[in-house]
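The values are calculated or read from the model by the stated rules, or taken from the named source; none is laboratory data. Here the structure is a predicted model, which is why all the values come from computation and not from measurement. Cβ atoms come from the backbone with ideal geometry, glycine included; neighbour counts cover every protein chain shown.
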C-alpha cells in the first residue's frame, strides 16, 4: 500500500534523470514520459517546449500547466480519458499499465456487496451529473475517505469538479513521475507517521512496548502494522512512511499495561489502563504526524507533535 | 443492570429498620431475613444472639461471622446450597427468589454457543475439582470478568476457593441486605463513574458534548449509556452509579470533533481528533472513578481523578 | 484584602433589606444609602423614583442609570468629587469613610520611593490631561495591575476615560452596596480561586501537600496564603474568595517533592520535580479559577478548570 | 562554566592520543599526564604498567585503580595533597594549573559575606573532623549543591568520606584527562539539556518563543542563557551541553504569552498563561534532560522526556 515511490537511480538503472530529459529531443521526451499521462501524449509534447526544467517539481508543474492552459472542453476530454475507478473500463484492459497497479492497491476488491452497490451507484451518478469520470488519487486516501469524498464531490458544481479532477490528476501524475525520474528538487510526495512512548511513572522512555496501528473505517478496521519500541521509546522501523499517507482515520493501540506489569508494578486485576487506543485523523498525505503517548498506569496524554 | 440497591424506607414501606430487627424476637428476626441466605436460616438464627447491632454493616458482619464460625465441612455444605450459576438447578426453580433476579442481570442469555460451551465446561470442571459450585457476585463483575475469574479460580486450591466462595456470598448477601433493611451505618455497596470534559483550546468546560459509555469484552462491546455534558462540562445525569460497578473493561467515547466544529473552528476534512476513545478498567465495584477528558483539537489527556 | 463583602443581615443587624429600601420614603432612602456615592446624594435622590426594585442588582443599576443619564459636564463634576487615589485629598480626611478603607487595602503604603514618585507623576499627569482624577476600583486589581492600568488609560481620549471612570465607580459602589443591603438578586461580586492536587504516580488525590499562593509583581512578590491539601487533594479552607479577586499575576507553589518523599519514593538527591510553581493571571475578579496540579515525580500538567 | 571538554586533536595539536600514551616509555607517560593528578606522579607511574589500554575510559580506570590499590593512610595523604576548595592554599599559588581554573568556574568569588563565612566554617569543620580537605568536582555541581553536599557529607563517617573524596577525584581527573587525551572509548563526561515548545492550540511547534534558563539557588538566581525556538519549536543552539551539567535546581522560563499574542489570539488583559516557569532538578551531570513545554493559552504540561 505504501510502496516506496522514491526509487533512486542507483536502485533502478532504468530511471531517467532530469538532465537527460532536458537534453533529449522532444519526441524522445514524450516517449520517455509515456504512461505518466494516460492516452495524452500531447501533454508532454506541449511541456517539452518549457525545457530545461531546473527541478523535477518544475517539470511536473510544466506538465500540469500544459493541461491547465487548455480550454475547458479539452480538459473535459482529457479527464474523460482517465480510467474509471472500478468500472468495466478497468476490466477491459484499455488502461495504461500504471492505472491498473494503483487500483489494485485500493482494496476495492474487498468491498462488501452493499458497499460495491453503493460505489457503483455513486460512480454512475457522478458520470451522469458531470459527464466525466470521478477521478481521485487513491493512494492519498483510505477507502472510507474515497467513498466520503465521492458523496461530497457529487454535490459540487461542474466547474469545481473539473478543477478537482485536474488537481487529482496532478497528484496521480506526480506520484508516477517520481517513480520514473530522478533529479534535483524532487516533489515532496511522502508523509510520515511516528510515535514515542514515555513512561512518566518512572521518568524514562518505555522500551519493548507493543504498538499496533489500525486503519479505521465505518465497516470495520484493518491492522496495518505492529511494532515494538526500542530503548528510546521509539519503534524499531517506521510506522508509516515511504510514500503518501492515506488521509483517513487511524488508531494506534498501545499495550502499556504489559509494560507496567513487566516492570513489576502491582496493578489491580483490572488495571485502570491496560490497552490504550489513540484514534486520530490524517488529513495531509505529505505531512509529518508524530503521535506520542506519555503515560503512567493512571493517566496519559497525547498530542500532534513534531 | 445497576439497579438502585439503596431503596429507602419511604419508597418501600415494607423495608425493615435496624431498630425493628434489633427489637423483634429471634424467630421474627430469622423470618424477616429470609431470602438473604438461601436455604440457610441457621445463619440468621445464630446471628440473632449478637443483637443489638449498632449499624447495618455490623448486622451483616454478624451474619457472616456466623458462617465463618462453622467448621469447613459445614461451610462446604452451606456453599453447596448456593444456586449454581447457570445450571439445571436454576431452571428447576428451587432457588430463592433473589438468586433468579441476579442471574437475569448477567447477560448469560446472550452467550454465543462457543462461550456457553466454555462456560458449561468451566462450571462442571469447577464442581468436579472442588465439590461445590462456583460462586461469584455477578453484580460486581462484567460477564468477561466472570469468565476470566472462573479460569483464574480453577487454578486455586480448595482452601482458597472455599474462602473465595464465602467472600462472594458476603458480597451477594450484603447487596440483598441493603435492599431489605434501612438504618445507620449502611454498608457501602455503590460505586460511581463520572466524567468531565474541558476544552483547553478555549479555556472552559465543553458543553453539549456527546459521550457514550461501552462495556468492552473479548467478543464485542455493548453500549451502556449516552449522555451530553452541561454548561460545566459534566453529564446531565449519572454515567454509572446507584449500585456496585461491574469490574471489567469499559470505554468512554467522546464526540469532541462535533464540539470543536460547533464552535466554528476550521478543522481539516479529517480532523486530527474527532471521536476520542478512552479505554479503562474498573477493579473496585464500590470505588469512585472520575475519568475526565482535557482536550484541544490537537491534544488530550485523561487521568484517574477524584 | 479580600474581606467578605456579603455580610448577611443575620450577622449585621444594621443591614438594610431591599424591602425596607423600597418601602421607606425618599428622604430616608437617600439617607440610608449615604456613603455609597460620596458627596453625591443626588444620585440616590434621582434613583428613588425608580422604586420598587425587584433585586439588589436592579437597585444598583438604577443608581448607576441616574448617573449615566446626566450630561457629560455633570458626570465630570461627579467624578471629580471622587477621592484622589493617594493624594493630599486622602490625607486631608475629606473623603467619605468607605474610601479610606478601600485605599488602606491597596498597599500603597508599601510603595518604594521610586514607585511612589512614579505613582505621583502618573496621578498628576492624569488629572492634568483629563481634568478629573484617576478612578479605579482598587479591590479588583493588584497593585501592579493598578499601576499598569494608569499607564494604559493615560493614553485614552477624554470620552473613553470618562466612561471608564463611571464603570469603575460602578464597581466601587456595587461593592459598598452589597455590604450595606441584603435582598434577592444580589450582584455577583465575589470570585474564587481553587486548586486540586492529583498524584498520577499512585492514581489518587495527593494529601498533605503544602501549597503557597503568591501575588507576583514587577518589584517582588508577596505571599498571600499557605494551605495543605486534604484526603481529596483539595485545600482545607479557601485559597481566595469571599470578595472580588484582584486582577493580576499570581503563583501557586506546590511542594510536591515532599509528598513523593513522604510516600517513600526513592528520588535522586536533586529530584526532577521538587517545588513546582504555576504562574497564572486572573483577569476576571468575579470569575471562578480552578488551577489543579496533576503530577508524578517526572511530569505535571495544569489547566484552567472548573 | 560549561567549557567544551572534548577538544579534538585537530583543534588542539598538543592533544595526546591513546596510541601515543600506550607506546611511549613510562617516564614520558608520567610526564605527559602531569597535571591530571596534582603532586602525585606516582599514580601515573603505577598505572603505566597496565598499558596498553584499549580505551581512554580504561586508561582512566587504570589510573584510579592505582589510587584505590593503596592502603588507607596513603589514600589520605593523597587526598590531602588535593587543593583546598577556597582556602589560602588556593591563593598561595601552589596548586597545579588545572585546579585554579576549576575553582574560578565555581562562583565562589560571588559569595555573600554570610555565605563566605558559612563556607569557611564548613571547610574548617570538615578538615578538623576528617583530617583531609573537602574534595568535590565543582564542575558537576551548582554552588548551592556544593554547599548542601558540604553539610550532608560532614555527617558521614571517615571511611565513607575517604571513599567520597576518591570518587570526586575520579570525576575531576576524568574531566582533566578528556581535555588532554583523545582516543577510542572516551569516557562520557558531557550531559545535555534540551527543550521543545509545542503549541497545542494550533497543533504545531511554536516558533520564535523566547526561553530563558536560570540556575536557582537559595540566595537568588542567575540567568545562564536565553534562546529562541526555531520552526520546529526547538532552540537555535544548545541550552546546556558540551560538558557535565551541574547538578542542582534550574528554571526554564517560557515567554509563551508573547507567542500567542503574536498569533493574533485575543487574550485577556491579564492572560491566564503569560510567562510559564518550569523548575526542575538535574541530578545526573552526564545525563540527557529533555524538558518540553506543551501549551495552549489555558493549559500546559511538561515531563522528563528523551
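Remarks
- Residue C:164 vs. criteria within 14 Å of another protein chain (Cβ to nearest Cβ), closer than 23 Å to residue C:37 by Cα and not in a loop (DSSP other than H, G, I, E, B): yes
- Selection within the stretch C:245-259 - assigned to a helix (DSSP H, G or I) and within 11 Å of chain D (Cβ to nearest Cβ): C:256, C:257
Matching residues to (1) out of contact with any helix residue (DSSP H, G or I) (no Cβ under 7 Å at 6 or more places or on another chain); (2) under 21 Å from residue A:19 (Cα atoms); (3) not in a loop (DSSP other than H, G, I, E, B):
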| site | (1), (2), (3) |
| --- | --- |
| A:38 | no, no, no |
| A:54 | yes, yes, no |
| A:58 | yes, yes, yes |
| A:61 | yes, yes, yes |
| A:64 | no, yes, yes |
| A:79 | no, no, yes |
| A:84 | no, no, no |
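- Positions within the stretch A:211-225 being over 12 Å from residue A:195 (Cα atoms) and either at pLDDT 95 or above or part of a strand (DSSP E or B) (or both), in sequence order: A:214, A:215, A:216, A:217, A:220, A:221, A:222, A:223, A:224, A:225
- Output for the stretch D:260-277, where each listed residue is more than 8 Å from every other protein chain (Cβ to nearest Cβ) and crowded, with 22+ Cβ neighbours inside 10 Å: D:260
- Of residues in the stretch A:198-210 being assigned to a strand (DSSP E or B) and within 10 Å of another protein chain (Cβ to nearest Cβ), the one farthest from residue A:112 (Cα to Cα): A:204
- Residue D:286 meets each of the listed conditions (1) over 14 Å from residue C:278 (Cβ atoms); (2) without any contact (Cβ under 8 Å) to a residue 60 or more places away in the chain; (3) more than 14 Å from chain B (Cβ to nearest Cβ) apart from (2).
- Given (1) buried (at least 17 other Cβ atoms within 10 Å of the Cβ); (2) free of Cβ contacts under 8 Å to residues at least 40 places away in the same chain; (3) in a loop (DSSP other than H, G, I, E, B), number of the condition residue B:186 does not satisfy: (2)
- For the stretch D:290-306, a residue qualifies if it is more than 14 Å from chain B (Cβ to nearest Cβ), without any contact (Cβ under 8 Å) to a residue 60 or more places away in the chain and either in a strand (DSSP E or B) or surrounded by fewer than 22 Cβ atoms within 10 Å (Cβ to Cβ) (or both), and exactly one does: D:306.
- Flag for residue C:242 being more than 14 Å from chain A (Cβ to nearest Cβ) and in a strand (DSSP E or B): no
- Of the residues making up the stretch A:216-234, those that are in contact (Cβ under 8 Å) with a residue 12 or more places away in the chain and within 14 Å of another protein chain (Cβ to nearest Cβ) are A:216, A:217, A:218, A:221, A:229, A:230, A:231, A:232, A:233, A:234.
- Only a single item in (1) at pLDDT below 90; (2) part of a loop (DSSP other than H, G, I, E, B); (3) surrounded by fewer than 17 Cβ atoms within 10 Å (Cβ to Cβ) is not met by residue D:5, and it is number (3).
- Members of the stretch C:212-238 found to be over 22 Å from the mean Cα position of the chain (by Cα) and surrounded by 18 or more Cβ atoms within 10 Å (Cβ to Cβ), listed by number: C:229, C:233, C:234
- Any chance residue B:255 is touching a residue at least 24 places away in the same chain (Cβ under 8 Å) and over 28 Å from the mean Cα position of the chain (by Cα): no
- Only residues that are assigned to a helix (DSSP H, G or I) and in contact (Cβ under 8 Å) with a residue 12 or more places away in the chain were counted across the stretch B:128-156, and they come to 15.
- In the set (1) in a loop (DSSP other than H, G, I, E, B); (2) touching a helix residue (DSSP H, G or I) at 6+ places or on another chain (Cβ under 9 Å), residue C:237 fails one condition alone, (2).
- Condition met for residue B:61 (at pLDDT 95 or above and surrounded by fewer than 20 Cβ atoms within 10 Å (Cβ to Cβ)): yes
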